[in-house]
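This report concerns only the one structure given below.
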Amino acid sequence: MISSADLSREIACGFNPVCGVDEVGRGPWAGPIVAGAAILSGNHGIEGIADSKVVARAERERIAALLHQRADVGIGIVEVAELDLIGLTAANDLAMARAIGALRRKPAFAIVDGKRRPRNLPCPCEAIIKGDAISLSIAAASIAAKVARDRLMTALAATYPHYGWETNAGYGTAKHREGLFRHGLTPHHRRSFKPIADILLKEQRIES
């Protein structure tokens, strides 16, 4: 668990407020890319905030609910059609910009999980490698984004039940591969991704 004292390091740069930003969904074969942005107050009182990858699903749901109550949280979404059009890196940056734009307060500075600074954010930013493991606000953003995307994929799974999205979140698992083999592509598959593009190419060859 990340200590609440970590927040002081984020404010120490002289900007206020500072938001943490993180995204989920870069790697899946299906579904949107989703980013979260979070501004925490020093007395938020939310225990258990950590990198979303090490927090159990039920605990993520609990923390996300408290974040929406006690913090300033924004969610940004880039759907598959737009992602395929502009590319993954640009979609990542756009989702982050939309998440920051969805905050109630305009942040003076953003700290972002990753190696590179996203382009075209609405405020100055700095990238922090493994930031979701060392920054409280980035970890909060990662949980908010993860919960939002998991809910979206679960909702899509109700309409497209053959791919296991409610559990694999669109990643290329055996269940997902089987669904593709038996039922083909959906509008929510990323056609710019090589595994999906290869399937699409095979279908075109068969038709021709």
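The values are calculated or read from the model by the stated rules, or taken from the named source; none is laboratory data. This structure is a prediction, so every number in the text was calculated from the model and none was measured. We place every Cβ from the backbone using ideal geometry, glycine too, and count neighbours over all the protein chains shown.
Here are some notes:
- Scan of the stretch 178-200 for residues that are part of a helix (DSSP H, G or I) and surrounded by 16 or more Cβ atoms within 10 Å (Cβ to Cβ), ordered by number: 179, 180, 196, 199
- Qualifying positions in the stretch 97-109 - farther than 11 Å from residue 75 by Cβ and either modelled with pLDDT of 95 or more or outside any strand (DSSP E or B) (or both): 97, 104, 105, 106, 107, 108
- Considering the stretch 65-79, the residues that are out of contact with any strand residue (DSSP E or B) (no Cβ under 6 Å at 6 or more places or on another chain) and either in a helix (DSSP H, G or I) or of a type in the set (S, T, N, Q) (or both) include one that is surrounded by the fewest Cβ atoms within 10 Å (Cβ to Cβ), namely 69.
- Some residue of the stretch 134-148 being closer than 30 Å to residue 109 by Cβ, touching a residue at least 24 places away in the same chain (Cβ under 8 Å) and of a type in the set (D, E, K, R): yes
- Among the residues of the stretch 121-141, those identified as farther than 24 Å from residue 43 by Cβ and part of a loop (DSSP other than H, G, I, E, B) are 121, 122, 124, 129, 130.
- Test: residue in the stretch 193-202 that is in contact with a helix residue (DSSP H, G or I) (Cβ under 6 Å, 6 or more places away or on another chain) and in contact (Cβ under 8 Å) with a residue 60 or more places away in the chain: no
- For the stretch 82-125, taking the residues that are touching a residue at least 24 places away in the same chain (Cβ under 8 Å) and charged (D, E, K, R), the one that is nearest to residue 191 (Cα to Cα) is identified as 84.
- Total residues in the stretch 114-132, condition closer than 27 Å to residue 165 by Cβ and at pLDDT below 95: 2
- The single condition among (1) within 10 Å of residue 21 (Cα to Cα); (2) hydrophobic (A, V, I, L, M, F, W, C); (3) touching a strand residue (DSSP E or B) at 6+ places or on another chain (Cβ under 6 Å) that residue 102 does not meet is (1).
- Some residue of the stretch 85-95 being buried (at least 18 other Cβ atoms within 10 Å of the Cβ), under 26 Å from residue 69 (Cβ atoms) and among the aliphatic types (A, V, I, L, M): yes
- When 130, 175, 146, 115 are screened for being closer than 23 Å to residue 199 by Cβ and basic (Lys, Arg), only 175 passes.
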